[in-house]
Amino acid sequence: MDTLIRACAAVPAILPGNPQSCLASALDMISQGAAVGSDIIALPALSLSGASCGSLLQNRTVLEGAEHSLSSLARKTSHINAYIIAGLPVLHERGAFSACAVLNRGRILDTIPSIDAPCPLAGCDPFEQDSDVRNAGPFSLYKCGDLRFCVLPCSPGHLAWYAPEAVRRGAQLLVVPCCEPVRAGDIRRYRIQIKALSQSLGCAILLINNCAGESSSPSLYYPFSCLVECGKELSFQSHSREPFLLQADLDTDIISSQGSDLPKQFGGFGVGSLTPNSKSRLLRQVDRNPFLPSDYTESQDYLEELFSFQVEALAVRMQKTGLHTLVLGVSGGVDSTLALLVCAKALDSLGLERHNLVGVTMPGFGTTDRTYLNSIALIEQLGAEKKEVSIKKSVLQHFEDIGQDPSIHDVTYENAQARERTQILFDLANQMGGLVVGTGDLSEAALGWCTFGGDHLSSYNVNASITKNVARAMIRQQAQGRDFAPLSSALLDVLDTPVSPELLPPSGTGEIHQKTEDILGAYELHEFFLYYLVRYRMAPSKILLYAGSAFESVYSQEEIRSTLRVFLQRFFAGQFKRSCSPDTAALCDISLNAPFFSIPSDGSAQAMLEELNSAALPF
């Protein structure tokens, strides 16, 4: 798969001033990197001599030894299908300077001097050096599968000076070999800076700083390496005395989707091309819920901010329309519960009484005691106005009018109930001069799991950017907070209730009979598919690969594939509903409402399904 590139930082243990010993250690680490299918193997700057040699770096014995080691390295790695980057001191008529050689299958493609000014070994400006000193310069582009990368040998602290130009010229990955001494706080600061730089430029950065075994005087050359992709740290390692490998898979689909606003020149000089190695496993962490940060503290902060954005969006709509009454259908499910909390806080933020919120329960043929009682408890404990309108009689009359047999529980039986509820809400809103607040979530919109002209409609939808499982996490967080402490018991019971539209009669014991995930498959899978399809435009075969890695211990590969097939079919078939969705605010990275996302309502999933069907099981 040409869109997955395995990058490796190989940090050898060296003997400063002994190029032959450095070569042996470098070869050992390169072999280890090649054994795991690495496509790019980068060593630190001056890895063939050591960085702590001081004046020895201009000694002819060391310089010639490093040059011979480089030739031997090229010859002894000619069988390895990878780009290899190794650092060494290079002698030139102006003096010695630190450089990085780029090798591939026994050939030395390029020799790139340190771009720090002045050069640490010579005191000269590398941008003014003669063409014979370097073949193409620090902005040479190397192609590996679909990835374009360049090598920028410089201090971690100086990378921000050069990175924007490299990205302008087309680089998607910046390989940064370094040999920078460190002091307390440096490593943490560099990691923060590199993540921020990678995020802002929409690129990946592989930093390799120092070899193990350097001298500890007069400075400390503490080795560390990190690989960051569009602001996300895929891997970090640091060991003081032991050699180590750092490897992770970069994804060009992800990098391409996060391109910065920098004007692209694509002026980098192309040097070399390589077909990536085959990979038996995906070597990167894949979270099961990509809509939330993996760090717990960050996740909690994100959920709180997202909830406040929902509240603010609704409050602004109320201010702009001058309507101060909110009408909401409350079912006792996750979506209407979250919307109910948002409505209450929106009224609070505007200094309005909560009885301006009208919570409407509309029991139908599938309503269970559990969801009904939870609805009542939530409305009453919030201090909202409660209104109950049973739909059974009116729907039965409608069945008689259109000649529908009530014993036939088909799509007409279900949709008639959803449309009757929507009619009630809009008519009540007309009576009261209010807004109908929508509850449909992002997961349902992606799957078309709503009734066209029914729960599909509202005056303003506060949940359109929220997936089902994010909504659950938000409710759980609010249940644990102070604002809704009296509702905690009811909120937690809502979370324990199976997801259901409750449009079919309950079981003989009064339990929910119609469970959404039994029909469609797990929401956590559908949401995972949605994220990678819309956010990164991945092919179904690659989504299958990612899902197999994330859910390996939860679902079988065939179960994941069959659920992905359902998702693709429903995603394309449901576009006509999304083409005329209610007003909402895009609050997250993914929105299915125009103008943020649009596909033809008559689009076909056939090509996607064929690509999925032809894909081999990933693991």
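The values are calculated or read from the model by the stated rules, or taken from the named source; none is laboratory data. This structure is a prediction, so every number in the text was calculated from the model and none was measured. Cβ: placed from backbone, ideal geometry, glycine included. Neighbour counts: every protein chain shown. Areas reflect the complete protein model, heavy atoms only, side chains present, ligands, DNA and RNA absent. Shrake-Rupley method; radii C 1.70, N 1.55, O 1.52, S 1.80 Å.
Annotations for the structure displayed:
- Along the stretch 449-462 the Karplus relation, 6.51 cos²θ - 1.76 cosθ + 1.60 evaluated at θ = phi - 60°, assigns HN-Hα couplings of 8, 7, 8, 4, x, x, 5, 5, 10, 5, 7, 7, 9, 8 Hz to successive residues, with x for each Gly and Pro.
- Taking amide H as placed 1.01 Å from N in the peptide plane, the amide H of LEU234 sits under 5 Å from that of LEU227, VAL228, GLU229, each at least 5 places away or on another chain.
- Here the Karplus curve 6.51 cos²θ - 1.76 cosθ + 1.60, taken at θ = phi - 60°, turns the phi angles of the stretch 3-12 into couplings of 8, 10, 10, 8, 9, 9, 9, 10, 9, x Hz, with x standing for Gly and Pro.
- Overall form of the stretch 533-575 per C-alpha gyration tensor (a/c, 1.5; a/b vs b/c): oblate
- Under 20 Å from the Cα of LYS577 - lysines, other chains or at least 8 residues apart: LYS468
- This model, with +1 at the C-beta of Lys and Arg and -1 at the C-beta of Asp and Glu, gives the stretch 160-317 a dipole about its Cα centre of some 380 debye.
- Cα centre as origin, Lys/Arg/Asp/Glu Cβ charges: the chain dipole, Debye: 1260 debye
- Computed over the chain, the alpha-carbon pair-distance distribution with 10 angstrom bins reads 3, 15, 22, 19, 14, 12, 9, 5, 2, 0, 0, each value a whole percent.
- Approximate spin-label separation SER598-GLU552, in nm, with each point projected 7 Å along Cα-to-Cβ: 4.2 nm
- Karplus-derived 3J(HN,Hα), 6.51/-1.76/1.60, for each residue of the stretch 150-164, Hz, glycine and proline x: 9, 10, 10, x, 6, 5, x, x, 9, 4, 4, 6, 9, 4, x
- Set of the stretch 348-373 residues, backbone N closer than 15 Å to the point 7 Å along the Cα-Cβ line of LYS387: 355-363
- Three-way shape label, the stretch 277-378, alpha-carbon gyration tensor, a/c 1.5: oblate
- Projecting label points 7 angstrom from Cα along Cα→Cβ for ASP589 and PHE576 puts them 3.3 nm apart.
- With the charge dipole of the chain set up from +1 on Lys and Arg Cβ and -1 on Asp and Glu Cβ about the Cα centre, the Cα lying farthest toward the positive end among the listed residues ALA615, LEU341, LEU141 is that of LEU141.
- Heavy-atom accessible surface of the chain, averaged per residue, reaches 41 Å², computed with a 1.4 Å probe.
- Sequence-distant lysines (8 or more away, or on other chains) whose Cα lies within less than 25 Å of LYS393: LYS515
- Solvent-accessible surface (1.4 angstrom probe) belonging to SER489, in square angstrom, nearest 10: 90 Å²
- A simple spin-label model places the labels of GLU233 and GLN480 2.4 nm from each other, with each point 7 Å out along Cα-to-Cβ.
- Spin-label zone in the stretch 358-391 - amide nitrogen under 18 Å from a point set 7 Å from the Cα of GLN397 along the C-beta vector: 362-365, 388-391
- Within the stretch 1-97: Cβ-based charge dipole about Cα centre, in debye rounded to nearest 20 (Lys, Arg +1; Asp, Glu -1): 100 debye
- Rounded if a/c under 1.5, otherwise prolate or oblate - the stretch 290-348, Cα gyration tensor axes: oblate
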